[in-house]
1. Could you say which residue among Ile104, Ile36, Ile51, Ile7 is assigned to a helix (DSSP H, G or I), touching a strand residue (DSSP E or B) at 6+ places or on another chain (Cβ under 7 Å), modelled with pLDDT of 95 or more and more than 10 Å from the ligand (Cβ to nearest atom)?
2. Scan the stretch 80-106 for residues that are over 30 Å from Leu3 (Cβ atoms) and more than 18 Å from the chain's Cα centre (by Cα) and jot them down.
3. Give the residues of the stretch 168-182 that are without any contact (Cβ under 8 Å) to a residue 40 or more places away in the chain, more than 30 Å from Ala54 (Cα to Cα) and within 16 Å of the ligand (Cβ to nearest atom), sorted by residue number.
4. Mind telling me which of the residues Thr31, Thr27 ends up being β-branched (Val, Ile, Thr), at pLDDT 95 or above, farther than 24 Å from Thr111 by Cα and surrounded by fewer than 19 Cβ atoms within 10 Å (Cβ to Cβ)?
5. Do we find that Thr154 is part of a helix (DSSP H, G or I) and farther than 19 Å from Leu204 by Cα in this structure?
6. Only one of these conditions is not met by Glu165: (1) touching a residue at least 24 places away in the same chain (Cβ under 8 Å); (2) more than 14 Å from the ligand (Cβ to nearest atom); (3) in a loop (DSSP other than H, G, I, E, B). Which number is it?
7. Please indicate, with yes or no, whether at least one residue in the stretch 187-195 is surrounded by 13 or more Cβ atoms within 10 Å (Cβ to Cβ), closer than 27 Å to Ile113 by Cβ, modelled with pLDDT of 95 or more and not polar (S, T, N, Q).
8. Just a yes or no: is a residue in the stretch 120-129 more than 9 Å from the ligand (Cβ to nearest atom), closer than 20 Å to Leu70 by Cβ and hydroxyl-bearing (Ser, Thr, Tyr)?
Amino acid sequence: MNLAAYIRYLWLMQRTRPRRYRALFETINQTACRRIVEIGVYNGRHAVQMIQTASVHHSLPDIYYFGFDLFEDLSEDLLRKEGSKKPPPYSVVQHKLEKTGANIRLFKGDTKITLPRFISGIGEVDFIFIDGGHSVETIRSDWNHVKELMGKDTVAIFDDYYVNENPEIAGLGCQAIVDHLDQDLFDVNLLEPTDVFTKEWGELKIKMVMVKRNSSV
Ligand SMILES: C[S@@+](CC[C@H](N)C(=O)[O-])C[C@H]1O[C@@H](n2cnc3c(N)ncnc32)[C@H](O)[C@@H]1O
């Protein structure tokens, strides 16, 4: 075990906000993940922290990170439609992630195009974080592609499970997909903690959701 990386992991588990993001680091540490996919890289901050957590159990040259994002191709129109955040340019995030010393592959573009094009070259992975576009249409498409990367021990975590309904978030979030997953094929766990944000229209309650292949299949 890399002691310095483990101490940083303990610090992250104490300090990470919003608190639901701890699930990423806890899962990566507990299951000793080495091959990580993130849909929606944004500024790469959590990517760096996931890689650093993976380095508790693996040397950095043995860690692989595959990230998908529109980066500078995110239009104002898509920004609104996906309920998204505007990421920095691809080259800035690529540089930031390469400094970790892990193997980095970033795929720029809409995941409806990049996932079907590149996914077959990735192979099975240990951990998948689905946190790209927030529209149901995009999350469903992302899931339908990334589930192909799941082996029997792969953990997938969806962000943006909206606990309460409101017209302001209609058509957004992973709940429409997660609530209809075939329970014969997948184990689904709604994770704690739930983050609660006060909006002008009421309370936004967000959970992460963990999905694994059903081990009895
Ligand atoms: C909420 S942010 C991701 C946050 C990041 N996972 C983290 O933990 O810091 C969502 C990201 O998804 C990207 N995105 C939104 N729609 C997308 C799409 N259709 N294809 C690819 N990326 C998309 C945005 O550019 C944005 O960077």
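The values are calculated or read from the model by the stated rules, or taken from the named source; none is laboratory data. Just so you know, these numbers come straight off a predicted model, no measurement behind them. Counting neighbours? That spans all protein chains shown, and the Cβs are built from the backbone with ideal geometry, glycine included.
1. Ile51
2. Residues satisfying the conditions are Arg80, Lys81, Pro89, Ser91, Val92.
3. Gly171 - this is the single residue of the stretch 168-182 that is without any contact (Cβ under 8 Å) to a residue 40 or more places away in the chain, more than 30 Å from Ala54 (Cα to Cα) and within 16 Å of the ligand (Cβ to nearest atom).
4. After applying the criteria, what remains is Thr31.
5. When the stated conditions are applied, Thr154 does not pass them.
6. (1)
7. No: zero hits.
8. no
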